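**Q** I'd like to ask some things about the structure below.
Any read-out appearing in this document is the output of simple, stated calculations on the displayed coordinates, not a laboratory observation. These numbers were taken from a predicted model, which means no experiment stands behind them. Neighbour counts run over all protein chains shown; Cβ positions are idealised from the backbone, glycine included.
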Amino acid sequence: MGRVEGKVAIVTGAASNPGLGRATAMTLAREGARLMVTDIDEAGAADCAKAIRDAGGEAVSMAQDVTSEDAWTAVIGKTQDSYGRLDVLVNNAGIAVLKRMEDMSLADWNRQIDVNLTSVFLGCKYAMPAMRDAGGGSLINLSSVAGLIGMATCVAYGAAKGGVRIMSKSIAVEGAADNIRCNSVHPGVIWTNMQAQATGRKDPAGVPVGPDRVPLGRVGEPQDIANCILYLASDEANYVTGAEFTIDAGMTAQ
Ligand SMILES: NC(=O)c1ccc[n+]([C@@H]2O[C@H](COP(=O)([O-])OP(=O)(O)OC[C@H]3O[C@@H](n4cnc5c(N)ncnc54)[C@H](O)[C@@H]3O)[C@@H](O)[C@H]2O)c1
């Protein structure tokens, strides 16, 4: 019996490989969940669903721009049509617009807030009625260490991720009456395509993670985050809501 056996889960931003969404989707499927994987990259989402099926799991995929309200209603609708219920939503899709204040245009700011914050609002808004029908559920929102502490070039990214953190707590309070839990996850430096782009490196070898910045002194792997999300999706976390899970090798502990 898997740790999320029979649950139905949506994971957004599941195309990137290596990426947190794909690792999460593969992990949930391995533990018995039935998956809807989505991404703005339709082929990448389909590839993730195929990898899950090839490994013996159950998955369908859809193209989705998480900033579109219509796309959210379509994804929730197709998930219910495919599986008859919704138990878990992982709001993972995101972008990193990393620029200093002077270089950040209003369009950059708005795009960052739309993709990383408004999308999470929309996802939770449309998932909650479906979860209420299922008797409860788990909303898991990807924030960041940049949603906890200030960092140069993270003005818009950090504002969006800080918004995800506190919005998740408000949703947790509202959702509790319907047995809907909501938590935020705050990764540190994890090797994915986003991290490769942000650091301009092809592999994790030269990423600066010395003990002064990252006490455990190494770059994390997508599975490190997927393991936490698996716990939050499972009934093991039945008494856990409105909490923030920092998985950063000690980065924000100092
Ligand atoms: N990797 C890290 O170190 C790290 C650290 C902190 C937080 N995070 C957060 O974790 C989440 C996943 O990050 P990742 O490192 O796997 O990133 P990634 O860039 O590797 O993957 C992100 C995915 O989101 C998709 N996406 C982008 N815009 C979209 C849109 N409008 N609609 C639908 N899909 C869209 C991309 O196509 C991509 O597949 C993000 O929210 C990110 O901010 C990552």
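**Q** Do any of Lys169/Lys202; Lys7/Lys99; Lys50/Lys99; Lys78/Lys161; Lys50/Lys169; Lys78/Lys169 go past 31 Å between their Cα atoms, and which?
**A** Lys169/Lys202; Lys7/Lys99; Lys50/Lys99; Lys50/Lys169
**Q** When the chain is fully extended, how far beyond the present Cα-Cα distance does Glu102 get from Ala205, taking 0.36 nm per residue of separation?
**A** Extra length available between Glu102 and Ala205 comes to 34.0 nm.
**Q** By counting other Cβ atoms within 10 Å of each Cβ, how are Arg34, Arg85, Arg100 ranked from fewest to most?
**A** Arg100, Arg85, Arg34
**Q** Now a separate question. State, to one decimal in nm, how far the label point of Met151 lies from the label point of Lys125, with both points 7 Å from Cα in the Cβ direction.
**A** With each label point 7 Å from Cα toward Cβ, the separation is 2.8 nm.
**Q** At q = 0.08, 0.13, 0.17 Å⁻¹, work out log10 I(q)/I(0) for the chain with the Debye formula, treating every Cα as an identical point scatterer and leaving solvent out; two decimals please.
**A** Each listed q maps to, in turn, -0.28, -0.76, -1.33.
**Q** Where the only charges are on Cβ atoms (+1 Lys, Arg; -1 Asp, Glu), what is the dipole of the chain about its Cα centre, to the nearest 20 debye?
**A** Computed charge dipole of the chain: roughly 320 debye.
**Q** Now for a different question. With 10 angstrom as the radius, rank Trp109, Trp191 by how many other C-beta atoms surround their C-beta, starting from the fewest.
**A** Sorted ascending by nearby Cβ count, the order is Trp109, Trp191.
**Q** Take Cys154, Cys182, Cys228 and order them by how many other Cβ atoms sit within 10 Å, fewest up front.
**A** In order of increasing Cβ crowding within 10 Å: Cys228, Cys154, Cys182.
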